[in-house]
Amino acid sequence: MNNSTDLILYQALEAIPLGIAVFDGAGKIVAVNSNLSEVFGVASHEVRGYNLERLLREKGLPPDHPLFQTHAGKEYTGPAAPLTGCHPSYASTHYFKGDGGESQGGVFVLWNARCQQELEQAVFKAERLAIMGQLAAIALHEVRNPLSAIKGFLQLLRRELEDARQLEYVEVMLEALDRVNNLITNYLRLAKPGTPERQPCDLEKLIHELIILYKSELKNKGIGFLFSCHSELPPVRLDREQFHQVLVNLLKNAVEVTSAGGEIRIGIEYLKEKDMALLFVRDTGIGISEEALPRIFDPFFTTREKGTGLGLYVCREIVMNHGGEIQIANNPDKGCTVTITVPCS
């Protein structure tokens, strides 16, 4: 160091338990502390005067890594993909500008967020346990009622096998069984969602199979149906079983809210520039109230008398685990549209 000021600044950088690098307007590293140099695997004096972008590329950072944001003149604070197993997983970047707005360099800071991540995981686990606790209470109540109905109508059916009303009893039993099955399915999805086992999937074929299941119900209710698919849609990497559950929930919801003479439309588009598949389910039902719309994905929130409030919540969890997004919006005329986007590869 040339003087006491430089020495003080050097000692200050070394005393901070974070990885810190300062660079000038030309992108050359001016100062770096030992915490950061250890991450890069080089000595502090070796990287002074080194071009920042070149160093980052040599260390194998992808072009979209947050550390490149500093070099591009953009500030960023948040998670960052690790360089090594022990690399801090959070970054904060800042840019210096002169009085005239010209670039005078910048600084980026890396820190070990292991404790923060552990805390976030603990909070996430606690929230999930709380939800499962609520679900257990609902399950005990919801399962008991359908089973009671099944038992009662079976007893009546045994005494009235020759009665024409037995068909009505069978329908009631099937409805009760469906409620039990849906409740158990959603419970299992919530309790153990699992990592999606993605395989190339023909999304068009998957929907055609689903349409076959609901074809007779749509016809009996007098609901029209339309389906369209982009001709150049490539196979989409999905967990077929999990995504089938998503589509069943969405189509079932659409059928329940659409009255005779209405229409349900499913479409698949290919967003080629983003390499993403966009799927939508549009109905002509009553739509969703403005008060309910912000809470529509909340667990246990439902607008239906017999709903559990878990179907859309589970759908959102599955879609997010696939790296996608799901949104619901009311149509300009009537009904609503559920839109899902998922990466193809």
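The values are calculated or read from the model by the stated rules, or taken from the named source; none is laboratory data. If you're wondering where the values come from, they're calculated on a predicted model, not measured in any experiment. Every residue, glycine among them, receives a Cβ derived from its backbone with ideal geometry; neighbour counts consider all protein chains shown. To get the accessible areas, we keep the full protein, side chains included, count just its heavy atoms, and leave off ligands, DNA and RNA. Shrake-Rupley method; radii C 1.70, N 1.55, O 1.52, S 1.80 Å.
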- request: List every residue pair whose Cβ atoms sit under 7 Å apart, with the two residues 6 or more apart in sequence or on different chains, where the first one lies in segment 294-305 and is under 17 Å from LEU250 (Cβ atoms) and the second, anywhere, is at pLDDT 75 or above and of a type in the set (Val, Ile, Thr).
  value: ILE296/ILE288; ILE296/ILE328
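Within segment 283-340, how many residues turn out to be charged (D, E, K, R) and in a loop (DSSP other than H, G, I, E, B)?
Residues that pass the stated criteria total 8.
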- prompt: Out of (1) among the aliphatic types (A, V, I, L, M); (2) at pLDDT 75 or above; (3) surrounded by fewer than 16 Cβ atoms within 10 Å (Cβ to Cβ), the odd one out for VAL170 is which?
  reply: (2)
- request: Working only within segment 220-234, note down all residues that are touching a helix residue (DSSP H, G or I) at 6+ places or on another chain (Cβ under 8 Å) and under 27 Å from GLU317 (Cβ atoms).
  value: PHE227, CYS229, LEU233
message: For segment 227-269, give me each residue that is among the hydroxyl-bearing types (Ser, Thr, Tyr) and open to solvent by 40 Å² or more (accessible area, probe 1.4 Å).
response: SER228, SER231, SER259
- request: State all residues of segment 1-38 that are at pLDDT below 75 and either touching a helix residue (DSSP H, G or I) at 6+ places or on another chain (Cβ under 6 Å) or surrounded by 15 or more Cβ atoms within 10 Å (Cβ to Cβ) (or both); if no residue qualifies, say none.
  value: MET1
query: Which of the residues spanning segment 50-71 are modelled with pLDDT of 75 or more and either acidic (Asp, Glu) or not in a helix (DSSP H, G or I) (or both)?
result: TYR50, ASN51, GLU53, GLU58
- prompt: Among (1) closer than 25 Å to LYS219 by Cα; (2) at pLDDT below 90; (3) surrounded by fewer than 18 Cβ atoms within 10 Å (Cβ to Cβ), which single condition is ALA292 missing?
  reply: (1)
query: Just one of the numbered conditions (1) of a type in the set (Gly, Ala, Ser); (2) open to solvent by 40 Å² or more (accessible area, probe 1.4 Å); (3) in contact (Cβ under 8 Å) with a residue 24 or more places away in the chain is not true of GLY224; which one?
result: (2)
